[in-house]
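Take a look at the structure below.
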Amino acid sequence: MSSYEKPRRGWGYCAPSPVLLLSLLTAAPLGLLGEETRQVSLKVISNWPDFSQNLLHIQAVGTNSTLHYVWSSLGPPAVLLVATNTPNSTLSVNWSLLLSSDPDGGLMVLPKKSIQFSSALVFTRLFEFDSTNMSDAASRPPGKSYPPYSLANFSWNNITDSLDPTTLSATFRGHPVHDPTGAFANGSLAFKVQAFSTSGRPAQPPRLLHSADTCQLEVALAGVSPRGNRSLFGLEIATLGPGPGCPSMQEQHSIDDEYAPAVFQLDQLLWSSLPSGFMQWRPVAFSQKQGSRESAMPCQSSPLYPTLAYLLPQSPIVRAFFKTQNNFCAFNLTFGASTGPGYWDQHYLSWSMLLGVGTPPVDALSPLILGIVAVALGAPALMLLAGGLFLLLGHKRYSEYQSIN
């Protein structure tokens, strides 16, 4: 498998058609059409007495359904998403099986017949490129490629220490087990996971619209010494879903950038099963903790490409749940451009995404944009009306003029 794929070219507007959305709604089980609110709980499942081996289980219970997100740092960071049509489904973990060479059955969601959708994401490698002599921001690869960091060879913190029931969040923070150059001596790679019990937006950009059917991930690279003067970083993500094919990658465009200034695009992966799952993100990353227009960096994605399981670092939870299924697809994300801003500004990079089930959240036009449109359309209409009245009244005064003769 090559370490990097060529970028997509000639993309157009690929938003789901009304017919497709209607078919999704009519075909999906009623319990999975979307819950306005869910009862959300976060639980750390540890392998006693080795508490360094643990899983984060997010359970979001609705009226007639349950969403299970299982986040793991066993092997490469990974998440398993399972949706069931009952509020009473449970997660079962057998640590002896899960950590064995054959983990089949080590992780299950019961009852099995209640499962309506399942998928997984595996974050496999962190790329680094030196873009010092690169003038073309769209070139691939975007500079000289350094040996990638395999995330399966990272050591991660005890997730219990970062668990915050108030914000429904937790953070996996890690660094390479072997770091001969000392690049991670004062830095780390963090995966912050956050669940939601209702709809809303975060306070910080890119302010993705979330619902109770979604979970958010923020990836942050901070304090790591780059191997080049103008290093760009990238992330390889592998997916596994219920069907044999790859999910579709789509773009949505908007005239509204109120929630993410200067970003008019929304990217997403859609699994074709019914009910469907999705991964959604804006093509932007940030070089400062307080994300802003000035610190915004482009986030470019490669096309999805099929790959084999043995070419990827293995995730025990994915192998345990999906067993022999190995029809993985993968794609790469690159953050930043040689022209800046970049990671080198403050040795910081962050990027966010949503993972969920059902129809992806869609941004409506903000009141500000609606007001601008109303003014833009209303002003010409008022001018035409005023002109018509002026001509009408002027003509009337002329017709009432009486000749002296």
Next item on the list: Taking 7 Å along the Cα-to-C-beta vector as the label spot, tell me the Arg201-Gln314 distance in nanometres, rounded to one decimal.
Entry: 4.5
Notebook entry, point to check: Put a dot 7 Å past each Cα toward the Cβ at Asp345 and Leu110; how far apart are the dots in nm?
Noted result: 5.1
Check: Along region 107-117, what does the Karplus equation 6.51 cos²θ - 1.76 cosθ + 1.60 (θ = phi - 60°) give for ³J(HN,Hα), rounded to whole Hz, x for Gly and Pro?
Finding: 9, 9, 10, 10, x, 4, 5, 7, 6, 9, 8
Margin query: Taking 0.36 nm per residue of sequence separation and subtracting the Cα-Cα distance, how much length would be gained by fully extending the chain between Met383 and Thr132, in nm to one decimal?
Written below: 84.9 nm
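Based on alpha-carbon positions alone, could you give the equivalent ellipsoid semi-axes of region 68-175 from the gyration tensor, as √(5λ), descending, whole Å? Working shown, then result.
Values: eigenvalues 241, 57, 52 Å².
They are 35, 17, 16 Å, listed from largest to smallest.
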Margin query: At 1.4 Å probe radius, can you tell me the per residue accessible area of region 163-321 in Å²?
Written below: 39
Check: Using the Cα atoms as the points, what is the convex hull volume per residue of region 147-212 in Å³?
Finding: 134
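Using the Cβ atoms and a cut-off under 11 Å, what net charge is assigned to the surroundings of Ser169, where Lys and Arg are +1 and Asp and Glu are -1? The partial results should precede the final answer.
On the way: positive: Lys192; negative: Asp164, Glu218.
Residues near Ser169 contribute -1 overall.
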Item checked: Interchain or long-range residues, amide H under 5 Å from Ala330's placed H -> Thr239, Tyr305, Thr307
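At 0.36 nm per residue, minus the direct Cα-Cα distance, what do Leu97 and Tyr146 gain on full extension? Give it in nm, one decimal, please. Write out the running numbers ahead of the final one.
Details: separation 49, 0.36 × 49 = 17.64 nm, distance 3.64 nm.
Full extension of this stretch gives 14.0 nm more.
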Check: Considering only protein heavy atoms, what is the solvent-accessible area of Asp363 at a probe of 1.4 Å, reported in Å² to the nearest 10?
Finding: 60
Note to self: In whole Hz and in residue order, list the ³J(HN,Hα) couplings for region 299-313 that follow from phi through the Karplus curve 6.51 cos²θ - 1.76 cosθ + 1.60, θ = phi - 60°; x for Gly and Pro.
What the structure shows: 10, 9, 10, 8, x, 5, 9, x, 8, 9, 4, 6, 7, 10, x
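When Lys and Arg each count +1 and Asp and Glu each count -1, what net charge do the other residues less than 12 Å away from Gln288, Cβ to Cβ, add up to?
Numbers: positive: Lys289, Arg293; negative: Glu294, Asp345.
Local charge sum for Gln288: 0.
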Next item on the list: Note down the nm distance, to one decimal, between modelled labels 7 Å out along Cα→Cβ at Tyr305 and at Asn153.
Entry: 2.2
Item checked: Rounded D (µm²/s) - region 31-97, Kirkwood Rh over Cα pairs, Stokes-Einstein at 20 °C, 1.002 mPa s -> 166
Note to self: What is the distance in Å between the Cα centroid of region 29-91 and that of region 341-358?
What the structure shows: 24
Next item on the list: Rounded to the nearest Å, what's the spacing between the alpha carbon centres of region 140-174 and region 220-247? Just the number, please.
Entry: 11
Check: HN-Hα J couplings of region 353-359 from phi, Karplus 6.51/-1.76/1.60, θ = phi - 60°, integer Hz, Gly and Pro as x?
Finding: 8, 10, 10, x, 10, x, 7
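The values are calculated or read from the model by the stated rules, or taken from the named source; none is laboratory data. What you see is a predicted model; the values in this text were computed from it and never measured. We place every Cβ from the backbone using ideal geometry, glycine too, and count neighbours over all the protein chains shown. Just so you know, the surface numbers come from the protein's heavy atoms only, side chains and all, with ligands and any DNA or RNA stripped out. Shrake-Rupley method; radii C 1.70, N 1.55, O 1.52, S 1.80 Å.
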